[in-house]
Amino acid sequence: MEGCICMSMNELKRLEIVTKVIEKRLKQTEAADILCVSVRQVKRLVKQFRAYKEIGLISKKRGGIGNHRLPEGLKETAIGLIEEKYSDFGPTLAQEKLKEVHDLKISISTVRALMIEKELFRPKRHKKKRVFQYRERRPRKGEMLQMDGSPHDWFEGRFHKCSLIYTMDDATSEVMTARFEMSETTKGYFRLMRDHLIAYGRPLSLYIDKHGVFKVNHKGAISGTGLTQFGEAMKSLDIKLIYANTPQAKGRIERMNQTLQDRLVKELRLQNISTIEEANAFLPTFLKSLNRKFSVIAKDPNNVHRELLPEHNLKNILIEKEKRILTKNLTFQYKNTIYVVQTDRELYTLKNASVIIHELEDESIEVFYKGKKLVVKAYQEQQKQIGEVDSKGLNAIVDELVNISKGKHQYKPSKNHPWRRFVKKDHRELRI
């Protein structure tokens, strides 16, 4: 409409104040305080009003191009790349890939808005959260490590579901060591701790949940020492175990689980990694990049990891051990197999003797009596039964049963099986 001027509420306020200044009902210093500008700016506004009336108080930038507007075509290029390669990425990770791989400099908020517009990302609804008391980080690196396992479909169907187990320093949120295992087992955590101890030394404590690997949860247990195999090993290394009562108590590592399930899965896909062996070889490279983005600086620069002592023989400490009592025939049963001890001694000297069984990485065993190794031989194998299984290892056993029922199970003979003593060459079997 001719003669009509569009002004914002801010500009209307300026018009009122400037009018009072011109009519000498208000001083320039008072006007500057009301408008939150300098006296010089008030003088400019008065000059503009006298020259152009109300139009002089309207912003000259209205209807123009913003200073931070993206170049033409950049949004279309970005959303095209996201739809083609990063459709299931989150906005933060997608923005990082656009910058690192394609050299497109776009803010995270812009990428987020584009993905919401194209329905590639759905913002989460914020629920009312339960309030937990904040716990400050430990001041020094090595004082307390958080350790956990994260079962997940890490390979997106290219391999079996498995677990990522890792240690994270509480002072810095740095993921120290990590490895993939088929499930969370004592052997797997022993392998993880061996990697950490060799690389960094002994921490003062471990902050863990109440998984059966770490804690004896049976209230009526009266036999044994009250410690699991893992607990006994950590006691030998003078590493204190601290148990968390809730997942929120170790929230830092729980949040890191979510970050890894998002970022690591996609990195494995981009690297075309489909086996645990390849993934474990890739983890050190990935962790360096991850720690650069998410780790923080400890309050105290001192590292309190302790060196391994000469008596800390990891081969004998980080290993599963079982106690057995020999029969009068010098036999014992271990994992559905009856073993017999072969010795030149008189039988009565070892009758009812207590022996310690060490299970090695290849599932073979070594038997010790008073620190001396005994020679044993498998005598008879019993029918295998499924014993007690914790909730985290249940799916792996059921998947194995399903594969057997579908005919997918392939028998793998042990390393010392007689079949492995033959090799084929020129369609002839040669004994080696």
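Checking the Cα-Cα distances for LYS240/LYS321; LYS141/LYS288; LYS187/LYS210; LYS288/LYS315; LYS335/LYS373 against a 24 Å cut-off, the pairs over it are LYS288/LYS315.
What GluC sites (Glu not before Pro) in region 85-134 are in a loop by DSSP, with at most 10 other Cβ atoms within 10 Å of the Cβ?
On the way: sites: GLU96, GLU100, GLU117, GLU119; in loops: GLU119.
In loop regions of region 85-134 (DSSP not H, G, I, E or B), the sparsely surrounded GluC sites (Glu not before Pro) are GLU119.
Relative to the dominant Cα principal axis of the chain, helix 276-294 is inclined by about 40°.
Taking a ≥ b ≥ c as the square roots of the Cα gyration tensor eigenvalues, region 49-134 comes out oblate, since a/c reaches at least 1.5 and a/b does not exceed b/c. Taking trypsin sites (Lys or Arg not before Pro) across region 96-148, the ones in a DSSP loop with at most 14 further Cβ atoms lying within 10 angstrom of their Cβ are LYS105, LYS118, LYS124, ARG125, LYS127, LYS128, LYS129, ARG130, ARG135.
Helix-only arithmetic for the chain: the sum of -39500 (n - 2.57) across DSSP H runs with n ≥ 4, divided by the residue total, places the mean residue ellipticity at 222 nm at -11000 deg cm²/dmol.
What is the dipole size for region 10-57, taken about its Cα centre, with +1 at each Lys and Arg Cβ and -1 at each Asp and Glu Cβ, in debye to the nearest 20?
Values: 12 positive and 6 negative charges, 48 e Å.
With Lys and Arg at +1 and Asp and Glu at -1, about 240 debye.
Note that region 193-207 has calculated 3J(HN,Hα) couplings of 5, 4, 4, 5, 5, 5, 7, 10, x, 8, x, 6, 7, 10, 9 Hz, one per residue in order, obtained from phi through the Karplus relation 6.51 cos²θ - 1.76 cosθ + 1.60 (θ = phi - 60°); glycine and proline are x.
Footprinting exposure proxy ranking of GLU359, GLU136, fewest other C-beta atoms within 10 angstrom first, gives GLU136, GLU359.
The ranking of LEU12, LEU164 by Cβ neighbour count inside 10 Å, starting from the fewest, reads LEU12, LEU164. For the chain, the longest principal axis of the Cα atoms and the long axis of helix 91-100 meet at an angle of about 90 degrees.
Structural descriptor for region 10-57: relative contact order 34 percent, calculated from alpha carbon pairs under 8 angstrom and at least 6 residues apart. About the centre of its Cα atoms, the chain shows a dipole size close to 1280 debye [charges on the beta carbon of Lys, Arg (+1) and Asp, Glu (-1) only; nearest 20 debye]. Values (i) 0.92; (ii) 1.02; (iii) 1.55 are given for comparison; Cα Rg over 2.2 N^0.38 Å, derived from the coordinates here, is the one labelled (iii). Between the Cα long axis of helix 251-270 and the first principal axis of the chain there is an angle of about 90°, rounded to the nearest 10. The listed peptides 152-158, 51-57, ordered by packing as a protection proxy, come out as 152-158, 51-57 (highest mean of other Cβ atoms within 10 Å first). What shape does region 74-117 take by its C-alpha gyration tensor, where a ≥ b ≥ c are the square roots of the eigenvalues and a/c under 1.5 counts as rounded, a/b above b/c as prolate, and the rest as oblate? Since a/c stays below 1.5, the shape of region 74-117 is classed as rounded. Amide H contacts of ASP148: TYR166, each under 5 Å away and 5 or more positions distant or on a separate chain (H built 1.01 Å from N in the peptide plane; Pro and chain starts excluded). Exposure proxy shown here: for THR177, THR77, the number of other Cβ atoms within 10 Å sets the order, fewest to most, as THR77, THR177. Highest mobility in the GNM of the chain, judged by mean-square fluctuation with C-alpha springs under 10 Å and restricted to LEU70, LEU35, LEU81, is found for LEU35.
Since every read-out is calculated from the coordinates, none of them should be taken as a lab result. Being a predicted model, the structure only gives us computed values, none of them experimental. Using ideal geometry, Cβ is built from the backbone for each residue, glycine included, and neighbour counts are taken over all protein chains shown.
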